[in-house]
Amino acid sequence: MTASLPHQAAPPDEPSRPPENPRHKAERRAITLLIIGLLIGVPAGYLVISANQSRDSGKDKEAKYSATGLTAGWPSKVQRRLYQVNVPHPADHIAYYETNNWKTSRLYVMFSTNQAGLDSFLAAMGVREDQLKKDHITIGARDRKISGWTFDGPGPWSGFTHKQKNPSPTQDVVVNTSDPKNPVLYVVSRTVP
């Protein structure tokens, strides 16, 4: 058996409310549904957009770090500073590739430039063009295999090694001057972490 509970009477100073008409009731319910929909829909939409952006970012990073050869474009400023590879302006046909392991990190960079760009690049390493050794390929077989460079096209080819004390990087540079107005440079900069 259930006992009925007494109802509390309204305070005497409060006027009684008129009964709610059906139209007002429908408007109130519509506004309540709209607010609930917004409270659920806005965060859900944000999560969907955020998830898509995160997935796209992951795909870009995966493509960058899964590259197994030279990638067209400029190395990042951080890479150029860390490996001390000063790509001059103007430079065209730029490609790079970075490898890292516990023993040695390497940055492979290839680009073409003009005579002023070549002079600027060499000056940054303290070398003049007349100090390049003719027919001297300083980039070893291991690095050629990794980068895909063959150095068997028309020359003349010349090169030098810019040795520095650790932790500064050491660079092997090969220059192809078959087109004297647009020399092509190949650089392997390696550093020991």
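The values are calculated or read from the model by the stated rules, or taken from the named source; none is laboratory data. Since the model is a prediction, treat every value here as computed from it, not as a measurement. With ideal geometry, Cβ positions are generated from the backbone for all residues, glycine too; neighbour counts draw on all protein chains shown. When the accessible area is computed, the model is the full protein with side chains, heavy atoms only, and any ligands, DNA or RNA have been set aside. Shrake-Rupley method; radii C 1.70, N 1.55, O 1.52, S 1.80 Å.
List of remarks:
- Charge dipole (debye, nearest 20) of the chain; +1 at Cβ of Lys and Arg, -1 at Cβ of Asp and Glu: 440
- Net charge of neighbours whose Cβ lies under 15 Å from the Cβ of Leu33, counting Lys and Arg as +1 and Asp and Glu as -1: +2
- Most mobile of Tyr97, Tyr108, Tyr46 in a GNM of the chain (Cα contacts under 10 Å): Tyr46
- Heavy-atom accessible area order for Thr113, Thr99, largest first, 1.4 Å probe: Thr99, Thr113
- Built amide H within the under 5 Å cut-off of Thr71, gap 5+: Tyr96, Tyr97
- Three-way shape call for the range 73-173 based on the alpha-carbon gyration tensor, with the a/c threshold at 1.5: rounded
- Accessible surface computed residue by residue for the chain, with neighbouring protein chains in place and a 1.4 Å probe, gives 71 Å² per residue.
- Accessible-area composition of the chain, carbon plus sulfur, in percent [1.4 Å probe]: 58
- Overall form of the range 130-174 per C-alpha gyration tensor (a/c, 1.5; a/b vs b/c): oblate
- Protection proxy ranking, highest mean first, for peptides 72-79, 32-39, 168-175: 168-175, 72-79, 32-39, where packing is the per-residue count of other beta-carbon atoms within 10 Å, averaged.
- Between helix 115-124 and the chain: long-axis angle, C-alpha atoms, 0 to 90°, nearest 10: 80
- Helix-derived mean residue ellipticity, 222 nm - over the chain, DSSP H n ≥ 4, -39500 (n - 2.57), to 500: -11500 deg cm²/dmol
- Under the Karplus curve 6.51 cos²θ - 1.76 cosθ + 1.60, θ = phi - 60°, whole-Hz ³J(HN,Hα) for the range 17-25, x wherever Gly or Pro sits: 7, x, x, 6, 7, x, 5, 4, 5
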